[in-house]
Amino acid sequence: MVERPESRYLPIADHGLIGDLRSIALVGIDGTIDWYCCPRFDSASVFASILDADRGGRFELAADVPARTKQFYFPDTNVLITRFFTSDGVGEVQDFMPVTGSSDGHEDRHRLLRRVVCVRGAVPFRARVAPRFGYGTQPHTVRLEDGQAVFASADLTLALTSTAPIEGDDRDVWSRFTLLEGQSEVFALDRIEDGQAPRACPRTEAEEEFAATVTFWRRWLSASRYRGRWREMVHRSALTLKLLTYAPTGAIVAAPTTSLPEQVEGERNWDYRYVWIRDAAFAVYALLRLGFTEEADGFMAFLSRQMGQRAADRPGARGPLQIMYGIDGTAELPEREIPHLEGYLGSAPVRVGNAAAEQLQLDIYGALIDSIYLYDKWGQPISSERWDEVCALVDWVCGHWEQPDDGVWETRGGPKRFLYSRLMCWVAIERAMRMAIRRGLPADIPRWRETRDTIYRRIMSRCWSRRRRAFVQQEEGDVLDASVLMMPLAKFISPTDPKWLSTLDALADELVSDSLVYRYDPRVSPDGLRGEEGTFSICSFWYVEALVRAGRPEEARLAFEKMLTYANHLGLYAEEIGHTGEQRGNFPQAFTHFALISAAFNLDRALG
């Protein structure tokens, strides 16, 4: 009998997330860690059974008898609790990664702690640690000694210490034990240097680490100013965005995973463990809205380094900035496939790196300068050096906004003259003009104003379809695209303008399904890729916000509440929602969570 792939893979939504602001781990509702890269977001995987159930590697820790499971976050933290309800008792696994300071000289510390507790009755547990280094391609050795195991590969050495008895072979380590009410065991997985002794983790130390981690997250979250109706969902989104931040540089990754498919058995599988200028800039907007200025400080410093270091390297039509960078500012992100792994539910290829880094996407300049504008307004006044950088970017936009590009959705069907790209070029110039005028800063205002107004007229004349009575995806076209939802959000057009209201109705008729919004229809707008798409969650939240601004708050509230029902059990979202409500694509996605924060903020304000 052939085993169906569905029985070997948890749904993407059946996962929680833990991290230490350098890397993350996905923990399944069955207690298995099936994704973990060490020591950074973009490092090769140690556990990747979410991408290959047989060859990817995993860390299992679960009740050793049939059990119902539930998962939740310890309140106001990123400490994840997985509970096992058996016929004889209740046990739980407390998963977390202690957070060290970003400048304490211990950047190489990486500890993954799994604390097992019996809270009622008696529960037998089993554990199995099966690392597969280098995306399952790099061999390793195992050394067992005094309740400790050292897994050594060519590039990485990990040490497992356990208060429970362990045994193993030349690849894996396992344990079986029974806990009575009040008893606990601890498993700690540490990165160590070659020749370094494993670091023990007795129960008392695990309790102290647990308390310190809880305190860290609660102290961080206490800075939030949001007191609205959807506080729990907003704060979970904020905590998620913080987890996606790489503390040493201030970079914010788009998602912590690679190659989770947008369509099962399709080819829309991408590596999102990098810093998209657009995504991170929008995330800064959301965090600033809530009162988190430290993250904005860090990201603005990251951006300034890129603007200063890369501008001279990318002259001409390609632009002064790439659309994305590595978490340390690396510009080279070559895309390759890992044929050794079968992909989630057999959805090959598994990709590492992202060739979209070579694309031209003009919209990034609008997102970037808008975030700088907001940081200048709500954070710190812009410095003279950074203002010079902004002026250089705006001058480049003024000279290149007309050229076709690959667009916000990173299609691979060739450059086009997208409305969204024009819109965000307008935003880049308009926000820079606001800063210049408000601060009295030097700028070529006449040229900027002329270009801004020309872009406005171009959009209004060439991106308006009389036949569709709507703004459309690209110049002289007829295809609808959800990215136009940003027009009123970016203050380009009045949210009650008749042309915009007509567009909103057209989008609702063609791209909206039960509050869920498709980006576009690839059948009428080929994007160079095979397969179909699910609905795109950021667009669904943009739709909510557009309804709010159009003076339809009750309709917006219903759409928002419906959208909340598509979150997973922990309030997390992947990139897309499939036809039956399943999460699709890399998980969780920053783009979605910042849009949730913005929609909740503006909807709550509209409802009064």
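For the chain, the per residue solvent-accessible surface stands at 37 Å², with DNA, RNA and ligands left out and a 1.4 Å probe. Remark: spin-label model distance residue 562-residue 231 equals 2.9 nm, labels positioned 7 Å along the Cα→Cβ axis. Highest-first packing order for the peptide set 438-445, 293-300 is 293-300, 438-445, based on the mean count of other beta carbon atoms within 10 Å.
Length gained on full extension, residue 437 to residue 605, computed as 0.36 nm times the residue gap minus the Cα-Cα distance: 57.6 nm.
Sum up the charges of everything whose Cβ sits under 11 Å from the Cβ of residue 81, counting Lys and Arg as +1 and Asp and Glu as -1, but leave residue 81 out. Its environment carries a net charge of +1. Per-peptide packing, taken as the mean over residues of other Cβ atoms within 10 Å, places 504-512, 164-172, 52-60, 534-542 in the sequence 534-542, 52-60, 504-512, 164-172 from highest down.
Relative contact order for region 132-188: what percent, with Cα pairs under 8 Å and sequence separation of 6 or more? About 27 percent, as a whole number. Got a sec? Which residues in region 450-494 would a label at residue 509 touch, if it sits 7 Å along Cα→Cβ and we count backbone N under 15 Å? Backbone N within reach: 465-472, 478-481. Using C-alpha pairs below 8 Å separated by at least 6 residues, the relative contact order for the chain is 12 percent.
Picking from 374, 281, 11, whose Cα lies most toward the positive end of the charge dipole for the chain (charges on Cβ: Lys, Arg +1; Asp, Glu -1)? Ranked along the dipole, the leading option is 374. Each listed q (0.16 Å⁻¹) maps to a log10 I(q)/I(0) for region 83-235 from the Debye sum over equal C-alpha point scatterers, namely -1.00. Helix content alone sets the calculated 222 nm mean residue ellipticity of the chain: runs of n ≥ 4 DSSP H residues at -39500 (n - 2.57) each, divided across all residues, give -10500 deg cm²/dmol. Neighbours of residue 509, meaning other residues whose beta-carbon lies under 15 angstrom from its beta-carbon, give a summed charge of -4 when Lys and Arg score +1 and Asp and Glu score -1.
Residues of region 232-259 with an amide N closer than 20 Å to a point placed 7 Å from the Cα of residue 330 along the Cα-to-Cβ direction: 244-259.
Distance between the 7 Å Cα→Cβ label points at residue 72 and residue 212: 2.7 nm.
Longer than 30 Å from Cα to Cα, which of 242/499; 499/562; 70/242; 377/416 are they? Say none if no pair is.
242/499; 377/416
A dipole drawn for region 488-586 from +1 and -1 charges on Cβ atoms has a positive end, and of 536, 511, 547 the residue lying farthest that way is 547.
Near residue 14: Cβ cut-off under 11 Å, other residues only, Lys/Arg at +1 and Asp/Glu at -1. The net charge is -3. Working ranking of peptides 395-405, 246-256 by packing, defined as the average number of other Cβ atoms within 10 Å per residue, highest first, is 246-256, 395-405. Relative to the dominant Cα principal axis of the chain, helix 231-243 is inclined by about 80°. As a fraction of the 1.4 Å probe accessible area of the chain, surface on carbon and sulfur atoms comes out at 48 percent. For region 337-459, the relative contact order is 27 percent, taking Cα pairs closer than 8 Å that sit 6 or more residues apart in sequence and dividing their mean separation by the residue count.
Can you compute the FRET efficiency between residue 193 and residue 146 using 1/(1 + (r/R0)^6), with r the Cβ-Cβ distance and R0 = 22 Å? Round to the nearest 0.05.
Computed FRET efficiency for residue 193 and residue 146: 0.70.
The values are calculated or read from the model by the stated rules, or taken from the named source; none is laboratory data. In this text, all values refer to a predicted model and were calculated from it rather than measured experimentally. Note: ideal-geometry Cβ built from the backbone for every residue, glycine included; neighbour counts use all protein chains shown. With ligands, DNA and RNA removed, areas are computed over all heavy atoms of the protein, side chains included. Shrake-Rupley method; radii C 1.70, N 1.55, O 1.52, S 1.80 Å.
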